[in-house]
Amino acid sequence: MAIAYTPPICIRVKVMQVICLDCGMSVDDYVDYCPKCDNELGLQHDGSTVTVDIAHQGERVSEALEKMQKEIDAARKGVAESIRLVVGSGLIRDEVLLVLRDLQFRADIKSFESESGNAGAVLVRLK
Ligand SMILES: [Zn+2]
């Protein structure tokens, strides 16, 4: 019986691509600087704001904080400039402000402020 020959299979690993907002070049996701225009990709944003409600589905404080961290991490990888956290008026809001102070100290976020005229939302500047 002949031995079947199995040719080696070439597996092409697909790398996520991002678009440089300055020059439009398609760049591999893990690259920090655009190879064409040299812009720092992690600092690029399109001026948009993502709104996330972390306090109105019966979340406990720990769940709300976890949700916030996940949303901030995700948004920092995206193109939005800011994230708007709907935090309500209770304990979650107090804890969120404490954590945001810490994140700002660690330079994970740029700044944050309670939304003017709506204390139940906090605007977090990411980039
Ligand atoms: Zn570029």
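Rounded, prolate or oblate, given the Cα gyration tensor of region 56-100, with a/c below 1.5 counting as rounded? Display every interim value, and only then the final one.
Details: a/c = 2.09, a/b = 1.87, b/c = 1.12.
Prolate.
Each residue of region 61-74 in order: what ³J(HN,Hα) in whole Hz does its phi give by Karplus 6.51 cos²θ - 1.76 cosθ + 1.60, θ = phi - 60°, with x for Gly and Pro?
4, 5, 5, 5, 5, 5, 4, 4, 4, 5, 5, 5, 4, 5
Under a 5 Å amide H to amide H cut-off, with H placed in plane at 1.01 Å, what residues pair with I54 once short-range neighbours are removed?
Placed amide hydrogens put V86 under 5 Å from I54.
For L126, list long-range residues whose amide hydrogen, built 1.01 Å from N in the peptide plane, is under 5 Å from its own amide hydrogen.
S82, I83, K110
Looking at the chain, send over the antiparallel percent of its DSSP beta bridges, to the nearest 5. Spell out each step's value before the answer.
Working: 14 of 19 bridges.
Counting only bridges with both partners in the chain, antiparallel ones make up about 75 percent.
Averaged over every viewing direction, what's the projected area of the C-alpha convex hull for the chain? Give it in nm², one decimal, please.
Details: hull surface 52.7 nm².
Average projection, Cα convex hull of the chain: 13.2 nm².
M25: net charge of surrounding residues, Cβ under 12 Å, Lys/Arg +1, Asp/Glu -1, itself excluded?
-2
Note down the net charge around G47, summing +1 for each Lys or Arg and -1 for each Asp or Glu among other residues with Cβ under 12 Å from its Cβ.
Numbers: positive: R125, K127; negative: D46, E81.
Overall, the nearby charge balance is 0.
Once every DSSP H run of n ≥ 4 in the chain is given -39500 (n - 2.57) and the sum is divided by its residues, what mean residue ellipticity at 222 nm do you get, rounded to the nearest 500 deg cm²/dmol?
Values: 2 runs with 32 residues, N = 127.
Using -39500 (n - 2.57) per qualifying helix, the result is -8500 deg cm²/dmol.
Give a residue-ordered list of calculated ³J(HN,Hα) values for region 77-94 (Karplus: 6.51 cos²θ - 1.76 cosθ + 1.60, θ = phi - 60°; whole Hz; x for Gly, Pro).
Taking θ as phi minus 60°, the curve returns 7, x, 9, 5, 7, 9, 10, 10, 9, 8, 10, x, 10, x, 4, 4, 4, 4 Hz for region 77-94.
Which ³J(HN,Hα) values in Hz, rounded to whole numbers, follow from the phi angles of region 114-127 under the Karplus curve 6.51 cos²θ - 1.76 cosθ + 1.60, where θ = phi - 60° and Gly and Pro get x?
Coupling constants for region 114-127: 5, 5, 5, x, 8, 5, x, 10, 10, 9, 10, 8, 8, 9 Hz.
Laboratory data are not the source of any read-out in this text; all were calculated from the coordinates shown. This is a predicted model, so every value here is computed, not measured. With ideal geometry, Cβ positions are generated from the backbone for all residues, glycine too; neighbour counts draw on all protein chains shown.
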